[in-house]
Amino acid sequence: MYITYDDSLRCFHLCNDRVSYIFRLAGGRYPLHVYWGPRVRRIRDDLLTRLSPYNYNDDTFSLHETPLDVLPQECPVFGGGDMREGMLDVIHADGTRMLDLQYAAYRIEEGKAPLPGMPSARGEGAKTLVLTLRDALSALEVELHYTIWPDMDIIARHMRVTNGGSANVLIERALSACVDFEKPGLSLTTLSGAWARERQMYTRPVVPGDQGTSTCRGASSVQTSPFMALSTMGTDEACGEVFAFALCYSGSFTASVTMDQHYLTRAMLGINPFNFSWDLAPGSTFVTPEAYLCYSSEGFGGMSRQFHTLVHEHITNSKYAKTERPILCNNWEATYFGFNEEKLLALASRAKDADIDLFVLDDGWFGHRDSDNSSLGDWYDDTRKLPGGLASLSEKIHAMGLKFGLWVEPEMISPDSDLYRAHPDWCIHAGDYPRIEARNQLVLDLSRQDVRDYMVGTISDALRRGNVDYVKWDMNRNINCWGSARLDAAHQRELGHRYILGLYDMMGRIVRQFPDVLFESCAGGGGRFDLALMTMMPQAWTSDDTDAWMRCRIQYGTSLVFPPSVMGAHVSAVPNHQTHRSTPLETRAAVAMGGTFGYELDLTKLPQEEIDQIRGINARVRSMQKLLLYGTFYRLRSPFNGNDCAWMSVSEDKREAVVTHVNAQACPHTKPMPLRLAGLDPELDYVDVDSGRIYGGDELMYHGMPLRKIDQGDYLTTQVVLRAL
Ligand code: DGJ
């Protein structure tokens, strides 16, 4: 792995054993993108003469006749020679809009410096190139940071903009990464959805003009995901080239793709410029979130395995990051708001019988919250429901030999709360306009230090009182009525980003106080399923939809970027509360084993034989949890293409694997096709641990594994554990 500067070609080259990223300085001044793909020794192509209609070369290169408008760039800026949308767009104090950013210096650092105020990947073993560009007239300075690691084909990028002049500069756009592709026939894949059907996979050809995905809701959201992938023609799970982008950010973002007049495809990722600006005072610096650029020559499967390595090795941070996770039982779908201590203890005792490790008390334990229309902000115990408060309940749960977990929603405030009555200006609101509630609640203004300080205190007190082992941190609505009582008119458009910086500050302060607690993030299901929060919380609730078949789709899409170890997945009751569909317990369990495993149903209503079955399921989960959560992950069949779905995890030494296949509706008189596996050792023989049948690794991968008959019953599962002989 190295980062070099070749003076004769004026080329910077970042590479590890498998991937290269190259850009050059045109005329020694303007960084032009040259190459990103499989490792090469060098690229001698002279972009200037090939792409410029004026036959420029390094000696004659100038901004005249706007050659930048046709050249692939590393840091395009709006208002100069390039008339396309770029990474950076500023307005000077006199209202003009132009920058002429030229190369000033570079440095190479071991590792990677953390991003001030923002989560980012850890830099163990990495190297970082920092390229400095300067605009001479305004003294604005831009640092482009590029990090490469030896163990994955991912390059991290972000930008730092410093005002070295004497007047304020208004940033209207500051993105994290841009790549200009000179490649025909690309397709774009994004993850879009809604509440209860998050992260569905959509692919379409890139055409001239604008396309992509974005959100302006103040959260990474259920509607889309801070991710996009460009792939070459014919790419599938195992073959073809993928150039993917993911952002370490929890707020409004854009992931845009524009094909220009010469079929050059510009892909950019970063904070959404809509409803954003930043007043950059002299001497201050604006830092963009970190973006990850992932190259795969092994299709989408290869891309996901790179992202999974990123998450496991460089993103998740908690002491639980690489460990087995407790099997939990959450009371939400068992009781909703209608519980008292007696009911909770009965549920917990049944959970203990079922060999569950952790009992989680969800929404409704505080203030007078009997429904979702009150009490957020009043984080004191509701003694009508819990006569001895959290402390006494937690003690009783612990005495049963269970761990105790608690739900909180620290970013929100109910208009019907003591907190709101005391501080009506603490929520995000637009002056005297009506405060538009969603789920009967308003959003706390986390751009304010006083609000954050109060919330850190009151939430930490509750967690201490409950002596908790686990926390579910929920967030159940997005932001509207954009305005903060603390920001003046010139700074209101900073609110979205200031909220996210405030969230990272508040969440970080709480999480750091409880290093032994397992934290799970949640946002009305999977509404903020992003890499940034995973640096603080090693798992996230994937969706409020616990229906086994819907979960196949949601978990399949989510797995494009995220490994099973971060995806909360529970077995729930039938008929399912979201779809009213009934699926066998075996199938619900097999699908929930695709993530951090738990239950979310009223165990007191299950007959003893089902509790016994659950004990068996839990023993199975424990026996292979490390493999399920941290094994090398392969998607085998897509639920977006047909009537079935399959995936598998393989141990690092390829000696163990677990394969799961789910068939949706039965179709009479159909013969199941063999399921071709992946990632095994073709030279080894494997035994199916349950049936004792023996197969060759080559046979399983090239011919396939026979599936059980699937035409007599809906939603049947085959789960096979393979062990090398
Ligand atoms: C939304 C979450 O996704 C649910 O699991 C549950 O915690 C509710 N909020 C509680 O209000």
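Evaluate the stretch 617-628: report whether one residue or more is closer than 26 Å to residue 245 by Cβ and surrounded by fewer than 24 Cβ atoms within 10 Å (Cβ to Cβ). Checking the stretch 617-628: not a single residue is closer than 26 Å to residue 245 by Cβ and surrounded by fewer than 24 Cβ atoms within 10 Å (Cβ to Cβ). Any residue that is at pLDDT 95 or above, charged (D, E, K, R) and touching a His at 6+ places or on another chain (Cβ under 9 Å) - is there at least one of those in the stretch 498-521? The answer is yes, given that some residue of the stretch 498-521 is at pLDDT 95 or above, charged (D, E, K, R) and touching a His at 6+ places or on another chain (Cβ under 9 Å). Does residue 551 fit the bill of being more than 16 Å from the ligand (Cβ to nearest atom) and among the basic types (Lys, Arg)? No: the conditions fail for residue 551. Which of the residues spanning the stretch 473-498 are farther than 16 Å from residue 320 by Cβ and within 16 Å of the ligand (Cβ to nearest atom)? If the condition is that a residue be farther than 16 Å from residue 320 by Cβ and within 16 Å of the ligand (Cβ to nearest atom), then 474, 475, 476, 477, 478 are the ones that fit. The number of residues in the stretch 1-41 being farther than 15 Å from residue 146 by Cβ and assigned to a loop (DSSP other than H, G, I, E, B) comes to 12.
For the stretch 563-589, filtering for residues that are open to solvent by 10 Å² or more (accessible area, probe 1.4 Å) and of a type in the set (A, V, I, L, M, F, W, C) leaves 3. Tell me yes or no: at least one residue of the stretch 210-223 is open to solvent by 10 Å² or more (accessible area, probe 1.4 Å), assigned to a strand (DSSP E or B) and farther than 22 Å from residue 274 by Cβ. No, the stretch 210-223 contains no residue that is open to solvent by 10 Å² or more (accessible area, probe 1.4 Å), assigned to a strand (DSSP E or B) and farther than 22 Å from residue 274 by Cβ. Checking each residue in the stretch 531-541 for being farther than 20 Å from residue 189 by Cα and open to solvent by less than 10 Å² (accessible area, probe 1.4 Å) picks out 532, 533, 534, 537, 538, 539, 540, 541.
Which residue out of 516, 544 is open to solvent by 10 Å² or more (accessible area, probe 1.4 Å) and within 14 Å of the ligand (Cβ to nearest atom)? Reasoning before the result, please.
On the way: 516 fails: within 14 Å of the ligand (Cβ to nearest atom).
On inspection, the qualifying residue turns out to be 544.
Looking across the stretch 554-577, the residues that are over 18 Å from residue 363 (Cβ atoms), within 16 Å of the ligand (Cβ to nearest atom) and in contact with a Gly (Cβ under 9 Å, 6 or more places away or on another chain) come down to 554, 555, 558, 566, 567, 569, 571. Looking across the stretch 504-513 at every residue that is open to solvent by less than 10 Å² (accessible area, probe 1.4 Å) and within 23 Å of residue 217 (Cβ to Cβ), the one that is farthest from the ligand (Cβ to nearest atom) is identified as 508. The requirement of being surrounded by fewer than 24 Cβ atoms within 10 Å (Cβ to Cβ), at pLDDT 95 or above and within 25 Å of the chain's Cα centre (by Cα) is not satisfied by residue 528. Counting the residues of the stretch 224-237 that are in a loop (DSSP other than H, G, I, E, B) and either touching a Phe, Trp or Tyr at 6+ places or on another chain (Cβ under 6 Å) or in contact (Cβ under 8 Å) with a residue 60 or more places away in the chain (or both) gives 5. Taking the stretch 574-597 as the range and being farther than 19 Å from residue 332 by Cβ, of a type in the set (S, T, N, Q) and not in a loop (DSSP other than H, G, I, E, B) as the test, only 587 passes. A count restricted to the stretch 452-464 and to residues that are in contact (Cβ under 8 Å) with a residue 40 or more places away in the chain, touching a Phe, Trp or Tyr at 6+ places or on another chain (Cβ under 9 Å) and either surrounded by fewer than 18 Cβ atoms within 10 Å (Cβ to Cβ) or among the β-branched types (Val, Ile, Thr) (or both) stands at 4. Among the residues of this structure, residue 203 does not count as one that is part of a strand (DSSP E or B), without any contact (Cβ under 8 Å) to a residue 40 or more places away in the chain, farther than 30 Å from residue 312 by Cβ and among the β-branched types (Val, Ile, Thr).
Selection of the stretch 415-443 for residues being closer than 24 Å to residue 363 by Cβ, hydrophobic (A, V, I, L, M, F, W, C), open to solvent by less than 60 Å² (accessible area, probe 1.4 Å) and part of a loop (DSSP other than H, G, I, E, B) yields only 428. Counting the residues of the stretch 444-485 that are within 25 Å of the chain's Cα centre (by Cα), closer than 25 Å to residue 361 by Cβ and polar (S, T, N, Q) gives 1.
Yes or no, residue by residue, for (1) touching a Leu at 6+ places or on another chain (Cβ under 9 Å); (2) of a type in the set (Phe, Trp, Tyr); (3) over 26 Å from residue 521 (Cβ atoms); (4) within 15 Å of the ligand (Cβ to nearest atom):
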residue	(1), (2), (3), (4)
373	no, no, no, yes
386	yes, no, no, no
394	yes, no, no, no
399	no, no, yes, no
407	yes, yes, no, yes
419	yes, no, no, no
424	no, no, yes, no
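Of all the listed residues (471, 451), the sole one being at pLDDT 95 or above and closer than 29 Å to residue 352 by Cβ is 471. Just one residue in the set 501, 446 is over 20 Å from residue 566 (Cβ atoms) and either within 16 Å of the ligand (Cβ to nearest atom) or surrounded by fewer than 21 Cβ atoms within 10 Å (Cβ to Cβ) (or both); that residue is 501.
Within the stretch 519-531, residues that are within 7 Å of the ligand (Cβ to nearest atom) sit with their Cβ atoms under 6 Å from residues that are modelled with pLDDT of 95 or more and not in a loop (DSSP other than H, G, I, E, B), at 6+ positions apart or across chains, in these pairs: 522/472; 522/541. Residues in the stretch 252-295 that are among the hydroxyl-bearing types (Ser, Thr, Tyr) and open to solvent by 30 Å² or more (accessible area, probe 1.4 Å): 258, 263, 284, 285.
Is it the case that the stretch 681-693 has a residue that's closer than 17 Å to residue 564 by Cβ and under 34 Å from the mean Cα position of the chain (by Cα)?
no
The values are calculated or read from the model by the stated rules, or taken from the named source; none is laboratory data. All values derive from a computational prediction rather than experimental measurement. Don't worry about glycine lacking a Cβ; one is built from the backbone with ideal geometry, like all the others, and counts go over all protein chains shown. The area values use the complete protein model at the heavy-atom level, side chains included, leaving out ligands, DNA and RNA. Shrake-Rupley method; radii C 1.70, N 1.55, O 1.52, S 1.80 Å.
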